[in-house]
1. Provide a single number: the residues in segment 103-130 that are in contact with a Leu (Cβ under 9 Å, 6 or more places away or on another chain), in a loop (DSSP other than H, G, I, E, B) and either surrounded by fewer than 18 Cβ atoms within 10 Å (Cβ to Cβ) or not polar (S, T, N, Q) (or both).
2. Can you tell me which condition ASP163 does not meet? The list is (1) closer than 22 Å to TYR66 by Cβ; (2) at pLDDT below 90, and all the others hold.
3. From LYS31, LYS13, LYS55, which residue is in a loop (DSSP other than H, G, I, E, B), among the basic types (Lys, Arg), modelled with pLDDT under 95 and more than 19 Å from CYS113 (Cα to Cα)?
4. Restricting attention to segment 47-54, does a residue exist that is buried (at least 18 other Cβ atoms within 10 Å of the Cβ) and over 14 Å from the mean Cα position of the chain (by Cα)?
5. Within segment 58-102, can you find the residues that are open to solvent by 20 Å² or more (accessible area, probe 1.4 Å), of a type outside the set (A, V, I, L, M, F, W, C) and not in a helix (DSSP H, G or I)?
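The values are calculated or read from the model by the stated rules, or taken from the named source; none is laboratory data. As the structure is a computational prediction, the values presented were derived from the model and not from experiment. Using ideal geometry, Cβ is built from the backbone for each residue, glycine included, and neighbour counts are taken over all protein chains shown. SASA here: full protein model, heavy atoms, side chains in, ligands and nucleic acids out. Shrake-Rupley method; radii C 1.70, N 1.55, O 1.52, S 1.80 Å.
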Amino acid sequence: FMGQSDLFAEEDKPIIWFPFVGEDKESQIKKAQEHVIKHSRPLEICPVLPFPSKKLRRSDSLISEYHKWLFDDSLISAKDIMYVPEQNPFETYIKLNQVIRNYDRSLQAIGGCKIVISNFSSKLLSLGAILTAYEFKTAEIDESKKIGVGILNVPSEEYIISDVKEMKRLKTESQSFL
């Protein structure tokens, strides 16, 4: 899902980056940001946070955890933070799709933009992100109006279970969503 063959090939269009933020993913977020900056300084970074969420203060906790990265290192404005419902990937897809089209429409005077989506959050939110990228990849629209949307993934290097009892407890509390 690199969008228009290689999202970073053309340097003429500004990049809007949507990192879906989750707990304990700072190293992966910074690696993705380094990759985006290496190829083209993003015009805007729009962090995506889960709200509403099963844990009512989850977004607040994430803002607290990533405060330095969000506001000191990346200079993100609070107005650029996007909130999507944690348990509804289809609403996430609809919101993200609308925001992408709005950015492209606003930037048409300079040739539009490219969109990079990175998911460092839940599987349900990643489903909404993938649906969005898939729609733009398969859209049958005028080539001159095509919006390049790609997924930038930074996989985890390893998984370490530090507390087996806590993992078992979490397993008993987990639930499926339809």
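1. Qualifying residue count, segment 103-130: 2.
2. (1)
3. Sole residue among the options that is in a loop (DSSP other than H, G, I, E, B), among the basic types (Lys, Arg), modelled with pLDDT under 95 and more than 19 Å from CYS113 (Cα to Cα): LYS55.
4. yes
5. Within segment 58-102, SER77, TYR83, GLU86, GLN87, ASN88 qualify.
Yes/no per residue for (1) of a type in the set (Ser, Thr, Tyr); (2) modelled with pLDDT under 75:
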{"site": "LYS114", "(1), (2)": "no, no"}
{"site": "PHE136", "(1), (2)": "no, no"}
{"site": "GLU143", "(1), (2)": "no, yes"}
{"site": "SER156", "(1), (2)": "yes, yes"}
